[in-house]
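J.: Have a look at the structure that comes next, please.
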Amino acid sequence: MSRPRYAVGLDLGDGESAIAWVECADAGDVRLYDRGDDEVSVVTAMARGIEGTELLGEAALLDPEVRHARVNFKTRPRRTRVGLARSLDIVDFARLFVAEFGERHPEIIGGCRLYIGHPAGWDQATVAVYREQLEGALRPLPVQLVPESQSAFLHVHDQARVDPETRPVLVVDVGSSTIDFTLVTDGPENLPYGDELGCRRIDEEIRDVVLKREHDPAVREHLAQPTAAGLLSWLCRRHKEAAFSGLAFQPPPARPNSKLRWVIDTCWPALARIDVEALVRRPGGWLDRFRDELRQVRGHLGERLPLIVLTAGGGARMPLVGQACAEVFAGATIDPVSEPSLAVARGLASYGRWRLRVEAFRDAVRALTDSTEIDDCVRADARGFTRRLYAAYYQNQWEAIFEPILAEIGAGAPPREAVGDMKAQQRRLISWLATPTARPVRDRVLGPLEDRINGVLRPAADRLCAAHGLPSHALDTRVTLPPTIFLQPRAALLPVLPLLEKVSGPLMAGLARSRVFRASLRGQLRILKSAGPVVSMTGAGNLYRLNDGDVAELTHAVREEVAKQLLQRVRSIETLLAVEEPQAPSGGR
């Protein structure tokens, strides 16, 4: 399956939503979907028109014949007792929004992967239900979910506004349904706070004041109907945003005899008199609850206090958000994200580009390790490292073989079981080669093969890094093969020495501790040690060599070890694949 050409980010907000996209091979800025008349931040609202047509955005609320208007419907998904989850309105909105985008940009939607944000405070089970519903509604598009505050950070990182060396960074994403907190050190850590405190709570307080000032029971009952209630909630949100933008709130245009016109005429006098900032700042109000949430986050972090606090989300446009962060995290730099309500959508697209680049890089690294050139390295050196293994065996028998056997016999192990067969001696030697004291011997046995492999990988890795915009030698190709790869061949490589018969008799339990016996045994081993190189280059080296099947198994083991080490190192350079040179904004539709 080919890798997607585009990464599309979908920010489904409780108040506003947005779509952003980027071509993964492009080093330019992320582009925003514009519905027309610079409408890139779309009101998260749905309604049905008089003919049953599905409407979304502000147009759904301004339609003169609006039916079943729905707003503020981003809620936590939950399974029922029978394991089913109720269909979410936000999922229906996503389906309509993505379909509209796809109609205008078929070339993008036909070759993309979709990245959708979710509140960082949601647990894995909740996210799984959300993903399940979104995948069903957006099929066949591939969907991946990403924490929203993590996405906002990556947008800032992608624009090179945060020095990669400046850590920790705390992202405070003030959305309508939730507030998300993510701490970024070496990697992102989503914090379990803010799930029940979004700016929607302010809208609800404004609405409650309006309803309390309405004394006609019939009017109050009508305002409780779904469409009228949705329209009132939207007006309350617009009043709040106007207050914190320093603008005088004006009701939106509405046609005579429409439901919106009735809601405006009925509620506008009470709504216009509400001092939003005073409501938010009152004792026990939203601002106090926000400060409490920040203090809980600070307590959770302990000594890991942030050097930078990034504020994002539509609610970050309220000056009091940055002020509260500065009070609780004194000493940290408070850095508001530009166009905070669009940071998540942009960050989701940035995240998608980054992940797709990482996948491409990892696939290319894996292709390096699958190269037949590595197989050729093993085959070319098979005879050589077999001889080197024999030399190590003959020259280090006392430390690798006899001392451990005598220790086991002295501790009460049956002599013949302690001695074992050829495979047992092979395992003893290999275990000894893996110890720090045997490192020089290990290097003599495996070093030449490692050098061959590095000689093949290094030029290819340099070309790969250059192709992905990484600095030369960003990927370290120097592998360290563990001696355990010699356990892979089916054939036993090492003979049982005649001297081992001397330590397998019934009297060995007492002799194992005898200094005289041990000295005699070591004297005989010195003779073999001096003859070891000659033996390994002649008789034993020819007799105990790897057959074709052994070479194939050993080759596979070496290739898998090389792949494991190189792919682990990719993790250390993944963030480099996310960094881009800042480009001039490109806009886009």
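The values are calculated or read from the model by the stated rules, or taken from the named source; none is laboratory data. None of these values were measured; they are calculated from a predicted model. FYI the Cβ positions are ideal-geometry reconstructions off the backbone, even for glycines, and counts take in every protein chain you see. When the accessible area is computed, the model is the full protein with side chains, heavy atoms only, and any ligands, DNA or RNA have been set aside. Shrake-Rupley method; radii C 1.70, N 1.55, O 1.52, S 1.80 Å.
J.: Can you say whether A380 is over 23 Å from V558 (Cα atoms), open to solvent by 30 Å² or more (accessible area, probe 1.4 Å) and among the small types (G, A, S), as far as the supplied structure shows?
T.: So A380 fails the test.
J.: Then there is this: So is T178 modelled with pLDDT under 90, crowded, with 22+ Cβ neighbours inside 10 Å and either among the small types (G, A, S) or under 30 Å from L356 (Cα atoms) (or both) or not?
T.: Yes.
J.: Can you name every residue in the stretch 89-122 that is free of Cβ contacts under 8 Å to residues at least 40 places away in the same chain and within 24 Å of the chain's Cα centre (by Cα)?
T.: H118
J.: Which of (1) closer than 24 Å to D195 by Cα; (2) open to solvent by less than 30 Å² (accessible area, probe 1.4 Å); (3) not in a helix (DSSP H, G or I) does R304 not meet, given it meets every other one?
T.: Exception for R304: condition (2).
J.: Of the conditions (1) on the phi > 0 side of the Ramachandran plot; (2) without any contact (Cβ under 8 Å) to a residue 60 or more places away in the chain, I430 fails just one. Which one is it?
T.: (1)
J.: Determine which single condition V309 fails, assuming it passes every other condition in (1) touching a Cys at 6+ places or on another chain (Cβ under 7 Å); (2) part of a helix (DSSP H, G or I).
T.: (2)
J.: Quick check on this structure: which one of A343, A316, A332 is crowded, with 16+ Cβ neighbours inside 10 Å and closer than 17 Å to N190 by Cβ? Show your work before the answer.
T.: Working: A316 fails: closer than 17 Å to N190 by Cβ; A332 fails: closer than 17 Å to N190 by Cβ.
Residue meeting the stated conditions: A343.
J.: Of the residues R113, R48, R67, R31, which is at pLDDT 85 or above and more than 20 Å from L134 (Cα to Cα)?
T.: Matching residue, one of R113, R48, R67, R31: R31.
J.: Can I ask one more? Within the stretch 226-270, how many residues are polar (S, T, N, Q) and loosely packed, with under 12 Cβ neighbours inside 10 Å?
T.: The number of residues fulfilling the criteria is 3.
J.: In addition: Residue check: is D195 among the acidic types (D, E), buried (at least 18 other Cβ atoms within 10 Å of the Cβ), out of contact with any His (no Cβ under 6 Å at 6 or more places or on another chain) and not in a loop (DSSP other than H, G, I, E, B)?
T.: On the way: among the acidic types (D, E): yes; buried (at least 18 other Cβ atoms within 10 Å of the Cβ): yes; out of contact with any His (no Cβ under 6 Å at 6 or more places or on another chain): yes; not in a loop (DSSP other than H, G, I, E, B): no.
Criteria not met by D195.
J.: Same structure, new question: (1) assigned to a helix (DSSP H, G or I); (2) out of contact with any strand residue (DSSP E or B) (no Cβ under 6 Å at 6 or more places or on another chain); (3) within 28 Å of A326 (Cβ to Cβ): which one isn't true of V297, the others all being true?
T.: For V297, the failing item is (2).
J.: Mind listing whichever residues of the stretch 223-277 are touching a helix residue (DSSP H, G or I) at 6+ places or on another chain (Cβ under 6 Å) and either at positive phi or assigned to a loop (DSSP other than H, G, I, E, B) (or both)?
T.: F249, P251, A254, I274
J.: What's the number of the only condition in (1) open to solvent by 10 Å² or more (accessible area, probe 1.4 Å); (2) not in a helix (DSSP H, G or I) that E373 fails to meet?
T.: For E373, the exception is condition (2).
J.: crowded, with 17+ Cβ neighbours inside 10 Å and within 24 Å of R70 (Cβ to Cβ) - does that describe any residue in the stretch 278-285?
T.: No; the residues of the stretch 278-285 include none that is crowded, with 17+ Cβ neighbours inside 10 Å and within 24 Å of R70 (Cβ to Cβ).
J.: Here is a follow-up. What tally of residues in the stretch 354-370 results from selecting those that are part of a helix (DSSP H, G or I) and in contact with a helix residue (DSSP H, G or I) (Cβ under 8 Å, 6 or more places away or on another chain)? Spell out how you get there, then give the answer.
T.: Here is the first cut: in the stretch 354-370, the ones part of a helix (DSSP H, G or I) are 354-369.
The next check asks that each one be in contact with a helix residue (DSSP H, G or I) (Cβ under 8 Å, 6 or more places away or on another chain); those that pass are 354, 357-358, 361-362, 364-366, 368-369.
Count: 10.
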